[in-house]
Amino acid sequence: MIDCHCHLEQKQYQENREKIIQESKKELKAIVTCAAHPKDIQLTIDLTKKHKKFIFAALGIHPTYIKEITEQEIEAAIKEIKKNKDNIVAIGETGLDYHWIKEPEAREKQKILFKKLITLAKELDKPLVIHSWDATAETINILEQQGMKNKKVLMHLFSDRKVIQKVIENGWLVSIGPGIKKSKDIRKIARDTPLNKILLETDSPWFQQEDQEYGIPNNVKIPCQKIAEIKQVSLAEVEKQTDLNAINFFNLKIERFKKIVS
Ligand SMILES: [Zn+2]
């Protein structure tokens, strides 16, 4: 399995980061970790260098940071991302969050930032990882306006099942995490989305299980099992297809690639 979206830079991992990565290596083929704040870029890039062919990075600016981040910091972050273009596999997460951000001015700023990061993804020829909460229609509109139909776009933690057909029609992918256990909407998305359009994720350290202090990349087996159940296919089939989807989407150069295609 591949965890296509987590946050290894988070403080929950400060003490045990290496241990958790070693445990992930026993069960997973790869991890895509996502630095959502510019202050975490360096740590994230260092992790990809330390764990080559296993940890890959996406760099972006999360829309919920819009009120605390200055224009200058955004420009500096974009420069930093460009500098690291050969060390990353995607731009993101980026998008719109109207759940946490209610002020109209801040929402306008989110849109401007979102468009900047779409432009950056085009310029660097990287896939986009999208965060959208309570803002689906606007998120989809902006992506379409920016010419992202049939381009590499991943809707991460997507739960708006009313528009899943639109997402599929636009040629985009969705990633499904452990939230599938509790969310009927996500289970319906898993049911209605072809397996070749689904990736697995954990968004850890969030979505920890009852017996966990924080979520870990190995929790990716939770959505894998649930999807197998819903689609009535084997776990191995879900694993194989979602691995291939992730490898193709992010163009991952993983160590054990041969093993899974044989
Ligand atoms: Zn995330």
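A few remarks follow.
- R0 of 35 Å, Cβ-Cβ distance V233-D46: FRET efficiency to nearest 0.05: 0.35
- Panel order for V129, V163, by other beta carbons found within 10 Å of each beta carbon, from fewest to most: V163, V129.
- Measuring gaps between exposed loop sites in the chain (GluC sites (Glu not before Pro); DSSP loop; at most 14 other Cβ atoms within 10 Å), the longest gap, sites not included, is 69-209.
- Our summary gives region 2-261 a relative contact order of 20 percent, counting only alpha carbon pairs under 8 angstrom and 6 or more residues apart.
- 14 Å beta-carbon shell around E73, net charge (K/R +1, D/E -1): 0
- Remark: the E213-K162 segment gains 15.0 nm on full extension, using 0.36 nm per residue and subtracting the alpha carbon distance.
- Fraction of the pair-distance distribution of region 2-261 above 33 Å, Cα-Cα pairs, percent: 13
- Sorted by Cβ neighbour density within 10 Å, fewest at the top, the residues R17, R161: R17, R161
- Fewest-first ranking of W100, W206, W172, using other Cβ atoms within 10 Å as the exposure measure: W100, W206, W172
Computed from the coordinates by the stated procedures, all read-outs in this text should not be read as laboratory data. Keep in mind that this is a model prediction, so the values were computed, not measured. Every residue, glycine among them, receives a Cβ derived from its backbone with ideal geometry; neighbour counts consider all protein chains shown.
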